[in-house]
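Quick notes on the structure that follows.
The values are calculated or read from the model by the stated rules, or taken from the named source; none is laboratory data. Source: prediction; values computed, not measured. When we count neighbours, we look across all protein chains shown, and the Cβ atoms used for this are built from the backbone with ideal geometry, even at glycine.
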């Protein structure tokens, strides 16, 4: 049986243990970094020529904003910016942590052998935000553009074309969730 990761009301998997690094549960993150304000995505998935950094959420800015009264514009803006900042930090920090684990600056005992010594040349790194909409509401059309804007510099360094925001239905079609 493979690995199934339950997060934000979704079941990711079933993945072979050699293709998944649960960075959010790794020793470097849980013992050394989380308590110092470092953020992490859920996991890194290696399939073929792709290396996916996957973050899962059970809500998105539109749902957060819609829940606030219309006269609380400042709170709506704060909620939106907080969400964006959290995703941006999770992706930035996850890329940096993975790179530093590969450089052996942190222990490698939680990472599969196939992901310790990968030849990253020719690998496409993909940043994926999966939002569990439960079919009740639609994704924010501008969310993907906003996240790509704030991650532009780090994506340029890592040669990542863009971050993708998908809902649970699309994640199921792409075989991220079961």
Inset, instruction - Among the residues of segment 4-48, write down those that are loosely packed, with under 14 Cβ neighbours inside 10 Å and touching a strand residue (DSSP E or B) at 6+ places or on another chain (Cβ under 6 Å). - result: 4, 11, 14, 17
Legend entry - Candidates 104, 173, 90, 123, filtered to the one that is more than 17 Å from residue 8 (Cβ to Cβ) and touching a residue at least 40 places away in the same chain (Cβ under 8 Å): 123
Inset, instruction - Have a look at 45, 95, 89 and point out the one that is modelled with pLDDT of 95 or more and assigned to a strand (DSSP E or B). - result: 45
